[in-house]
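What follows is one structure encoded as structure tokens, with my remarks underneath.
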Amino acid sequence: MRLHRIFLPLGLIVLAAVVAACGGATALPPTSPPPTQTPLPPPSTTPVTPTVPPPTNTPPPTITPLPPTETPPAELPPTRIQFATGATSALVQGTVQPGGINRYVLKASAGQIMRVYLSPNQQADLLMAISGADGDVLLSGHVKADYWSGVLRTTQDYFISVTTADGSSAVSYTLQVIIPERIQFAAGATSALVSGGAPAGGAHNYVLNAMGGQTMTVRLGVTQGLGLLVIWGADGNVLISDHAGATEWSGVLPSTQDYYIDVQAAADQPALVYTLEVAIPARIQFASGATSAVVSGSAPPGGGVSYVLNAAAGQTMTVRLGVTQGLGLIIIWGADGNVLISDHAGATEWSGVLPTTQDYFIDVRAAADQPALKYTLEVAIPARIQFAPGAIKAEVSGTVPAGGTVSYILGALAGQTMTVDLTFSQGLGLIVIWGADGNVLISDHAGATEWSGVLPTTQDYYIEVHAAADNPALKYKLEVTIPPLP
């Protein structure tokens, strides 16, 4: 109101000035005097007391406690599986709880073969998983398996876990881990001998690699307790089972692979103490057209080297051991177990007619109290010369490498006259003739290519054609004449 009263006269004055400026001399009407300004009373200084509502009786909020959180149990470290000194396996008994998992760990080396067996002690399904410390999964827990076998790729810790398949109930079980001992033959050797022991009801496990077609012989020698052999291939083919109760096995291997040999100890006998001999003989092969073969080698004191060859019933086989160092002997037997000559004979030579068509084994044994044996072994199976019905003459021909020998045999009667004539178109050769009784009719020292004489005994006679070592291969023709008795 006060400001309105002040500015109203002032606005009239300004308006009049504007009109005067625009209209020139036109007079404005007189204005009323300004109104008197009435002062306003000063504002009251009386303090205002605020109005506070009385407090209401509100109950405190109710706090609902949270249910306690279940703290999961701390994961236990895996149980380490340790093999007893000298053992090749370990047996673990355990129980896995519903929804639980049991973990194990063991250290193994690259190249070793590990076999793991899981057997529940009741009707239930268990799951097993195997992995390396490097994360390599050997067996997934998603695969329902109670057995695993394989070659370990890395030297490290390996983890085995066991859990139930459905997690509904606790299951007890037996876990067996086997890392067999590998049998290695020394350079040039054809056999290996190991010794060991096994607790009553236990076993010692071996593995070795062999080729299809090779003949393997395994012998278990027991000095305490009672034991047996179990042999099978990595492909699962069982060569001999525990039901056989055998301590010896020999046979031709069907495949090139690893073969497992378990030595099992009887549960009701003292701990087993044993020696195990494994022999894979070198097979002697005759060159095409040849009737003999010569091999050489060495054997440590008390050791041996084994050979095998196939021959037919009725053939005459001659075996000679030549020794350049040490002392040795030969043992010969058939695959059927028939011994032709044993170690008790102490022999270095044998000759005889073979009773059966089969493989024949020849062991060269070195004396234990002598230096290492160095030897050559000659095996001859002469070709039998047969006369056509009514004929008095037979002729054979062939080729012998330089330094080689071809052997023949024929039967003749005492008092008959036999003439042998060797001719050749290449190389240089000679003949050697003797009887089955060892009587030499002409030796290699004679350097002869012809012989004739009256036979002293009714028996087989041997004729060898020897080729000179410093000449080309011998190409020859051998003619034998035996007229009938008068």
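Read-outs: derived from the displayed coordinates by stated rules, not from any lab. Just so we're clear, the structure is a prediction, and the values are computed from it rather than from any experiment. Cβ placement follows ideal geometry from the backbone for every residue including glycine, while neighbour counts extend to all protein chains displayed.
Amide H to amide H, with H built 1.01 Å from N, Ile81 comes under 5 Å of Val105, Leu106, counting only residues 5 or more places away or on other chains.
Ala279 sits among other residues whose Cβ lies under 9 Å from its own Cβ, and their net charge, with Lys and Arg +1 and Asp and Glu -1, is -1.
By the scheme Lys and Arg +1, Asp and Glu -1, what is the net charge of all other residues having a beta-carbon under 15 Å from that of Tyr158? Result for the neighbourhood of Tyr158: +2.
If you take every DSSP beta bridge whose two residues both sit in the range 282-380, what share of them, in percent to the nearest 5, is antiparallel?
Values: 37 of 39 bridges.
Taking every DSSP beta bridge with both residues in the range 282-380, the antiparallel ones total about 95 percent.
Summing charges over all other residues whose Cβ lies under 14 Å from the Cβ of Trp232, with Lys and Arg as +1 and Asp and Glu as -1, gives -3.
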